[in-house]
Each structure stands twice: as structure tokens, then as C-alpha cells.
Amino acid sequence: MARLLIKNGFVYDPLNKINAERMDIAVKDGKIVDTLDKGSKKTIDASGMIVMPGGVDIHSHIAGPKVNAGRLLRPEDHYKDVEPKTEKTRAGVGRSIPSTFTTGYRYARMGYTTVMEPAMPPLMARHVHEELTDTPMIDKAAFPLLSDCWFVLEPLQKGMIEDAAAYVAWTMKATKGYAIKLVNPGGLEAWGFGRNVRNIDDTVPNFGITPREIIQGLCKVNQLLHLPHTIHVHTNNLGKPGNYETCLETMKCVENLAHDNKPVIHITHCQFSSFKGSDWRTFESGAEEIAKYVNSHSHVTTDIGQVVFTDTTTMTADGPFQFILYQLSHNKWINNDVETETTAGIVPFKYKRSSYAHATQWSIGLELALLIEDPWKIYMTTDHPNAAPFIFYPKIITWLMSKKARERTFRKINERAKHRSLLPTIDREYTFYELAIATRAGQARSLGLSAKGHLSPGADADIAIYDVNPEQIDPSRQFRRVRRAFKKAAYTIKDGQIVVKDGEIVKPVEGRTFWVEPELSESRMEITPRLMKAFEDYYTVQYENYIVPEHHVTNPHSIQVKTEV
Ligand SMILES: [Zn+2]
């Protein structure tokens, strides 16, 4: 279907400052256009409904070896949630770690059209792209893990930013990567020796470099390469009481690298990095301090990592953190060391309302979302599946939009957590406009996806229509109605095609994979012979087999950037 007219909906398009205006949206050949001339077209009557750009998820672990190992580790996760085969869709399973097809269908049903896999071990890029290719309905991209890679640490330790940049540029091309991911910088290299780093000025064993130098170095690399997104940072000491200070130090350490009020760092799943206290007995929320800093600085964006009380599967490249979680939970555990590059750990986890720590974490996420005043600075995520599976987004939307919805959950949480929570003092409720920022426009802008997150002519025709009338429904009181609407989009439109109707998949589509291709100057290409030698010395695979070929990626979409390296 080449032409589509969406008539008379309440349009929320924050990147164009359109706030609940009743207007038509025209689509031609997969793109938004100004108007459609006469001739045959499909029309959707969106009267009394909300029209937004398709949802964009900046951080969700949906593909790759860690996700797949999680599936193998947790057969009990499969039978709880079965996706039956239909005429249009394939069967699948999995609640917190759904299979690839199920992942695509579930995002599409909620009106999401773009999802970022934020932790790709470069060595495992082929596996990541195999699964991304297998995930239908959505556009996607993957962030290579680079903060503990030897070929990054070596040049950064010598202050050779351009050499580090040349390697990062090569990796983006070779692994079909999109953004620089840092996870517990330096800590993962230390974990190879059963150790960790304690703060951002601790020394990384064998490399004589500090996390601060890695963060600053990769931030400079990011700027040199003109990558579309900022550095994407999982902080040191994540998940430990007292870590809000590490989080503040991390944001501060790149303050001087910012120009023109533009963000230079994204702190991901900030909830896990906003803990006060010196141990689990004195543990409490540090959300107020983090929010205060973010409110007064323009070089930072964040996402929440909101906890939901449910059974889930934690998985991160932060191997040493997963070891702590394993010791706390006494549950099953997978630990992995990826040669010269990174680590990973997986531990099943249940967030309980009755637990002081879990209830406080639930509160911290919402405190951050509500105390950070500018919705362009904090985006809705659960760090799927770490704080909860992404299928809980509609529930989180109600917590953001309704104090009453928050209070209903609040009444049932741990008593001590209740007494110390800041939530009763916070009256703020998100508007639909703010929600559109936190679930699509802000995320697309932060990712530098210029054709996503808005509805101006030329944008990808990725659109979500929700059956809720903002003139008649008060989300503060009628939050259940809002939750239902966001759980099952009335329509999801992907590249101009109706793929979901009334919450059901009506047309399976493939989606595209985005990656960044920085242009290297001739002289910088000499990195290749050195790398080939390094592969012989250190890797279990050959250089030639490491590189992900373009035909390995679905509907490849490379973004070329001009570099000064
Ligand atoms: Zn994550």
C-alpha cells in the first residue's frame, strides 16, 4: 500500500511542538508527506484517538549471545508465556526473554517501531545480527561494547585519542554497530582477574588507566567520529549502595567536553546508579541528588530502568555486578568472559513488593522520572529484561501519568520503603505530550535518528494510533483505560504499512538494521595490518571471519558520517 491518510486524530509530535492538534497525517511510499493529491488511498479515521510517531526504545536487550544464553538458562520462563501461531504470525515463547519473533510482535502491538540492542560484544556481532535479522516488525541497531576492549584501552592509556578513534571506526564498520557502549568501564577488564574497580579513579590492572580516562577518552572519540548518538554509559559500581556519587562523578567528568548545550553522555538505566547509603542496611534513594544535577546541566540524557514487581532475568555485560547479584539471590548464574573485549553475566531475579531494597528501587525509578523536570532528558525504559520485561511499559505509563495509579501500588510495598520514599511528596503527572517525548521523540533525538520520532514530511512513516480520547479521558483518574490503550495499539504503521490493528498483527514485516560507517582517511586505514597481527596474537577467530558482511544484516541501512580522524 503506497498511500495512506490518517484523518482527524489528536496528533502528538513534540519534535514539531504539535500538542494534541486535530490534524491529518499523509503517507506515501513509506514516508510522511505534506498532502496527498487525488487518487486511490487507504484512509484511517482516527477521530477521538491519539496519533504519535512510532515508539522508540533506546535500551532493550533483545538479541545476541547473552539473551540466548538467558533463554537456555530459563526453560521456566518459556511455558509461562506462549505466543500461539496464527495465520499471520509464527509461534514463540518467553516472558522475560521472548524468542525473536515474539519480541517483534510484542513491541509492534504496543505501537513501537524502533528498538536498540545496547550491548553487543564485538566478537559476537554475527550472532547479534542473526537474531536482530530474525526479529520482525521493528527497525533496530546494536551498540558494540568498547570500554574494556584492549585495542581501546591501549591507545587511550597513551593518550592517543585518534588511534582509539580509528579502532572504534573500524569496529563500527566491522560489527555493523551504531553507538559506543561503556559498561563498568575498566571493571570488566579487572573482572578477568576476579577483580573490579572501586571508583572512577581506580587503576585498571595491567593497563594503568582509570575509568575516568576511559570515559573521557571515548567521549572524545565519539566527538571525533561525529557519531549520531552520545556515549552510552552503564556506570561503575552499578547496583551498589552509595553509587549515586559514582554516577555524579561520571556525569561531571565529561562536563568540559560539552559544547552548545548539546548532550555528550547518556547514563542508561539510571535507577540502578542512584543508590545512597553505605551498605544494604542503610541503602536509600539518591534520586533527588541525581535529578538536581541533571536538571542543572544540559550535557546529560538518561533513561529510567524502571523496576516492576515481577519475575524476570537480569543480564548485563557487567560480569562483576552479576556475581554480586548471584551471591545475593543464590539463584542460577551464567558468567562469561569474551576474550579481549568484555564480560557478561545472567541471573534470574524476582522483584518483591515486600523487599525493602526492591521497593526502594521501584520508588527510585519513578522519583527520577518525576523529579527530572525536562522529559527530553529522561526516557522510559526497564532496561529490558533487567528491571522488568518491556511488556510492562503500559503499566509504567500509568505510574507516570497518574498519582492515583502510583498510590495503588505504593500502598502494598514494604513499610520501611514507604516511609523513606519521596513519592508521596511528588504530585507531578506526565501529560500525553510529555509521554510522547519520553517514549519516542526524546529517544529518537538522543539517538540521532533523524527520520524517527516525529511526523514531519520526509520522516519514516512509523506511526502509532491509540484508542484514547484526550478530551474525554483523564489519565490521572482513568489510568486503566490508558493502560489498555497503550497495551494494544489501535494501529501500528511501519514504513507506511498497517502492521497492527486493534492490538493484533495483521501484516508481518522485516524492519531494517541501522549502523554507522565513519569515513576514515587513507592514512588511518593502516590500522588494518596492526589489527591482523593482534588477531593472530590474541583472538580465537581469524580477522577475516570477524567482520560481519553486509548481507548478514536485514535491509541494511548504513549511516555514513564524515570524520576528522
Ligand atoms: Zn542494559
task: Could you list, in sequence order, all residues of the stretch 490-510 that are within 21 Å of the chain's Cα centre (by Cα) and open to solvent by less than 10 Å² (accessible area, probe 1.4 Å)?
output: T492, K494
task: Examine the stretch 406-415 for a residue that is closer than 24 Å to V300 by Cα and open to solvent by 10 Å² or more (accessible area, probe 1.4 Å), and state whether such a residue exists.
output: no
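Please state which one of R477, R481 is surrounded by fewer than 19 Cβ atoms within 10 Å (Cβ to Cβ), closer than 22 Å to Y393 by Cα and either in contact with a Phe, Trp or Tyr (Cβ under 6 Å, 6 or more places away or on another chain) or free of Cβ contacts under 8 Å to residues at least 40 places away in the same chain (or both).
Going through R477, R481 in turn, just one is surrounded by fewer than 19 Cβ atoms within 10 Å (Cβ to Cβ), closer than 22 Å to Y393 by Cα and either in contact with a Phe, Trp or Tyr (Cβ under 6 Å, 6 or more places away or on another chain) or free of Cβ contacts under 8 Å to residues at least 40 places away in the same chain (or both): R481.
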query: (1) open to solvent by 10 Å² or more (accessible area, probe 1.4 Å); (2) farther than 24 Å from A357 by Cβ: which one isn't true of K240, the others all being true?
result: (2)
message: Would you confirm, using the coordinates I've provided, whether F309 is part of a helix (DSSP H, G or I), open to solvent by 10 Å² or more (accessible area, probe 1.4 Å) and aromatic (F, W, Y)?
response: no
- prompt: Being in contact with a strand residue (DSSP E or B) (Cβ under 9 Å, 6 or more places away or on another chain) and within 16 Å of the ligand (Cβ to nearest atom), is that true of even one residue in the stretch 411-424?
  reply: no
query: Mind checking which residues of the stretch 511-543 are open to solvent by 60 Å² or more (accessible area, probe 1.4 Å) and part of a loop (DSSP other than H, G, I, E, B)?
result: T540, Q542
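Each row is one residue, and each column tells you yes or no for (1) of a type in the set (K, R); (2) open to solvent by 10 Å² or more (accessible area, probe 1.4 Å).
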| site | (1), (2) |
| --- | --- |
| V56 | no, no |
| I62 | no, no |
| G70 | no, no |
| E83 | no, yes |
| K88 | yes, yes |
| G94 | no, no |
| I97 | no, no |
| M120 | no, no |
| A125 | no, no |
message: Let me spell it out: the conditions are (1) open to solvent by 10 Å² or more (accessible area, probe 1.4 Å); (2) in contact with a helix residue (DSSP H, G or I) (Cβ under 9 Å, 6 or more places away or on another chain), and T425 meets all of them except one. Which number is the exception?
response: (2)
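Regarding I346, is this residue in a strand (DSSP E or B) and either charged (D, E, K, R) or open to solvent by less than 50 Å² (accessible area, probe 1.4 Å) (or both)? Walk me through it before giving the result.
Numbers: in a strand (DSSP E or B): yes; either charged (D, E, K, R) or open to solvent by less than 50 Å² (accessible area, probe 1.4 Å) (or both): yes.
Spelling it out, I346 is indeed in a strand (DSSP E or B) and either charged (D, E, K, R) or open to solvent by less than 50 Å² (accessible area, probe 1.4 Å) (or both).
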Residue in the stretch 289-304 that is in a loop (DSSP other than H, G, I, E, B), small (G, A, S) and either within 15 Å of the ligand (Cβ to nearest atom) or open to solvent by less than 10 Å² (accessible area, probe 1.4 Å) (or both) present: no
field: Only listed residue being basic (K, R) and in contact with a strand residue (DSSP E or B) (Cβ under 8 Å, 6 or more places away or on another chain), chosen from K7, K38
entry: K7
message: Which count do you get for residues in the stretch 470-501 that are part of a helix (DSSP H, G or I) and under 17 Å from P53 (Cα atoms)?
response: 3
field: Residue under evaluation R71, criteria (1) among the basic types (K, R); (2) in a helix (DSSP H, G or I); (3) touching a strand residue (DSSP E or B) at 6+ places or on another chain (Cβ under 7 Å), criterion not met
entry: (3)
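The values are calculated or read from the model by the stated rules, or taken from the named source; none is laboratory data. Just so we're clear, the structure is a prediction, and the values are computed from it rather than from any experiment. Counting neighbours? That spans all protein chains shown, and the Cβs are built from the backbone with ideal geometry, glycine included. All accessible areas refer to the heavy atoms of the entire protein, side chains included, with ligands and DNA or RNA removed. Shrake-Rupley method; radii C 1.70, N 1.55, O 1.52, S 1.80 Å.
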